[in-house]
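The values are calculated or read from the model by the stated rules, or taken from the named source; none is laboratory data. Values in this document were obtained by computation on a predicted structure and should not be read as measured data. Every residue, glycine as well, gets a Cβ built from its backbone with ideal geometry; the counts of neighbours run over all protein chains shown.
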Amino acid sequence: MNSVADNLETVQSRVTAALASTPNRPNSAQILAVSKRQPADAIRTLATLGLRDFGENYLQEALPKQQQLQDLGLVWHFIGHIQTNKTRLIASHFDWVQSVDRLKIAQRLNDQRPAELAALNVCLQVNISDEDSKAGAAPAAVEQLALAITALPRLKLRGLMAIPRATTDYTEQVQAFGRLQALFERLNGKGLQLDTLSMGMSHDLEAALAAGATMLRIGQALFGPRTA
Ligand SMILES: *Cc1c(COP(=O)(O)O)cnc(C)c1O
């Protein structure tokens, strides 16, 4: 099995190559290391290699790992489905929440964000492939939701996030990510100042970069297979 150091190097060269072949794109994209079902010591190794941002899907799993890694001062992103009764702990233990998809959740996170912490960074999760089974706001509902969130003082709306339907077809991948990018541009055209387009995972980061991703969420390509 490859070491996480080798994996990071491979991911970084994939990113560099993809950006080089994409005209009119920025020359960097942020990597969010998705550490769900990965041990704390692997996170620590990636942190020593320079990664700061880590994403977790399950609160009960994230809290003990955050505790163990407290000395590193990492930036934690919540990227999983949000149950109403979990918002208080999410609001106090994370720097970002990327999976906000309804106003009720945003309001609770706003009300429960501890006063001594900076405003919580938020991305709206969008259901870009229109699948009944997937979380995310409908594209048609996103503008209204985004405007409502900008009125919440303890949240800072940073951008959009999506997980499109899985496909190995590159053209389809680019089209799906392109729909999120178009929505992002449209919102910024209306005066929102969004800087984060969070899209692309281990298997489709090239297509996401081609469509303008600013943040990639990479799990298994960095850590190797997830433990059960
Ligand atoms: C698990 C997960 C990822 C990472 O997926 P990989 O295929 O391991 O890169 C990214 N985003 C979200 C929301 C996830 O749940």
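A compact table of results
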read-out: Complete set of residues in region 157-210 that are of a type in the set (A, V, I, L, M, F, W, C) and free of Cβ contacts under 8 Å to residues at least 24 places away in the same chain; value: Ala182
read-out: Positions within region 74-93 being charged (D, E, K, R) and within 15 Å of Arg154 (Cα to Cα), in sequence order; value: Arg88
read-out: Any hit, region 64-80, residues being crowded, with 16+ Cβ neighbours inside 10 Å and more than 21 Å from Ile31 (Cβ to Cβ); value: no
read-out: Cβ-Cβ under 6 Å pairs, at least 6 apart or on other chains, region 60-71 side within 11 Å of His93 (Cα to Cα), far side surrounded by 10 or more Cβ atoms within 10 Å (Cβ to Cβ); value: Ala62/Glu56
read-out: Every residue from region 204-217 that is out of contact with any Leu (no Cβ under 7 Å at 6 or more places or on another chain) and within 12 Å of the ligand (Cβ to nearest atom); value: Asp204
read-out: Conditions (1) part of a loop (DSSP other than H, G, I, E, B); (2) within 13 Å of the ligand (Cβ to nearest atom); (3) modelled with pLDDT of 95 or more; (4) more than 26 Å from Ser92 (Cα to Cα): number failed by Thr227; value: (3)
read-out: Unique residue being under 13 Å from the mean Cα position of the chain (by Cα) and part of a helix (DSSP H, G or I) when the list is Ala208, Ala213, Ala182, Ala221; value: Ala208
read-out: Close pairs (6 angstrom Cβ cut-off, 6 or more residues apart or separate chains): closer than 16 Å to Arg52 by Cα in region 6-32, away from the ligand (no atom under 16 Å from the Cβ) and of a type outside the set (S, T, N, Q) anywhere; value: Leu8/Leu49
read-out: Residue that is nearest to the chain's Cα centre (by Cα) [pool: residues in region 25-50 that are modelled with pLDDT of 95 or more and basic (Lys, Arg)]; value: Lys36
read-out: Criterion: within 16 Å of the ligand (Cβ to nearest atom) and loosely packed, with under 15 Cβ neighbours inside 10 Å - qualifying residue of Ala182, Ala162, Ala166, Ala148; value: Ala166
read-out: Matching residues, region 169-179, being of a type in the set (S, T, N, Q) and within 14 Å of the ligand (Cβ to nearest atom); value: Gln173
read-out: Answer from Ala91, Ala115, Ala40, Ala29 - the residue that is over 28 Å from Leu209 (Cα atoms), crowded, with 18+ Cβ neighbours inside 10 Å and either within 14 Å of the ligand (Cβ to nearest atom) or among the small types (Gly, Ala, Ser) (or both); value: Ala91
read-out: Filtered residues of region 186-203 (kept if surrounded by fewer than 24 Cβ atoms within 10 Å (Cβ to Cβ) and within 16 Å of the ligand (Cβ to nearest atom)); value: Thr196, Met201, Ser202, His203
